[in-house]
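K.L.:
Attaching a single structure in structure tokens format; questions to follow.
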């Protein structure tokens, strides 16, 4: 279960990274004001690119070094933050009436990450190496 979870997380990290790059142009087309695409002074697509890159790296390192619990814990923390941030992103998009296709794909990937993490944690094996 451990390898399967992190293998899927690596794949979602790569797809999410690429999609987040497209989200910049997509959101600029759909945004009424450029301020709608910024969070704490940072463009939201950049937060997505960085987040997916970190999720990819931590999952990949955990796959390679099976004894590394540090990267697994960091990965789980990033996925939890991603889930919470997705709630904010959906609220913000509905609030400003901006629904771009790349953003929706990123939200779906984020929800898949959180659901897979929840399934991984509730599994009998938990964080043990299989």
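The values are calculated or read from the model by the stated rules, or taken from the named source; none is laboratory data. All figures in this text were calculated on a predicted structure; none of them were measured in a lab. Quick reminder, even Gly has a Cβ in these numbers, built from the backbone with ideal geometry, and neighbours come from all protein chains shown.
K.L.:
Could you tell me which residue of the stretch 77-98 is surrounded by the most Cβ atoms within 10 Å (Cβ to Cβ), considering only residues that are under 19 Å from residue 15 (Cα atoms) and within 11 Å of the chain's Cα centre (by Cα)? Let's see the steps before the verdict.
P.N.:
Here is the first cut: in the stretch 77-98, the residues under 19 Å from residue 15 (Cα atoms) are 78-83, 85-86, 89.
Those still in the list that are within 11 Å of the chain's Cα centre (by Cα) too: 78-83, 85-86.
Working: 78: 22, 79: 22, 80: 14, 81: 13, 82: 24, 83: 16, 85: 16, 86: 18.
Step by step, filter the stretch 77-98, then rank; the result is 82.
K.L.:
Continuing with the same structure: Residue 85: within 20 Å of residue 7 (Cβ to Cβ), in contact with a helix residue (DSSP H, G or I) (Cβ under 9 Å, 6 or more places away or on another chain), modelled with pLDDT of 80 or more and in a helix (DSSP H, G or I), yes or no? I'd like the intermediate steps shown before the answer.
P.N.:
On the way: within 20 Å of residue 7 (Cβ to Cβ): no; in contact with a helix residue (DSSP H, G or I) (Cβ under 9 Å, 6 or more places away or on another chain): yes; modelled with pLDDT of 80 or more: yes; in a helix (DSSP H, G or I): yes.
Spelling it out, it is not the case that residue 85 is within 20 Å of residue 7 (Cβ to Cβ), in contact with a helix residue (DSSP H, G or I) (Cβ under 9 Å, 6 or more places away or on another chain), modelled with pLDDT of 80 or more and in a helix (DSSP H, G or I).
K.L.:
Would it be correct to say that residue 90 is in contact with a strand residue (DSSP E or B) (Cβ under 8 Å, 6 or more places away or on another chain) and either in a helix (DSSP H, G or I) or modelled with pLDDT of 75 or more (or both)?
P.N.:
No.
K.L.:
Residues to consider are 120, 71, 56; find the one that is within 14 Å of the chain's Cα centre (by Cα), in contact (Cβ under 8 Å) with a residue 12 or more places away in the chain and buried (at least 16 other Cβ atoms within 10 Å of the Cβ).
P.N.:
Just a single option satisfies the conditions, and that option is 56.
K.L.:
Mind listing whichever residues of the stretch 99-130 are at pLDDT below 75 and closer than 22 Å to residue 15 by Cβ?
P.N.:
119, 120
K.L.:
Residue 44 passes all but one of (1) at pLDDT below 75; (2) loosely packed, with under 15 Cβ neighbours inside 10 Å; (3) under 18 Å from the mean Cα position of the chain (by Cα); which number fails?
P.N.:
Going through the list (1) at pLDDT below 75; (2) loosely packed, with under 15 Cβ neighbours inside 10 Å; (3) under 18 Å from the mean Cα position of the chain (by Cα), residue 44 breaks only (2).
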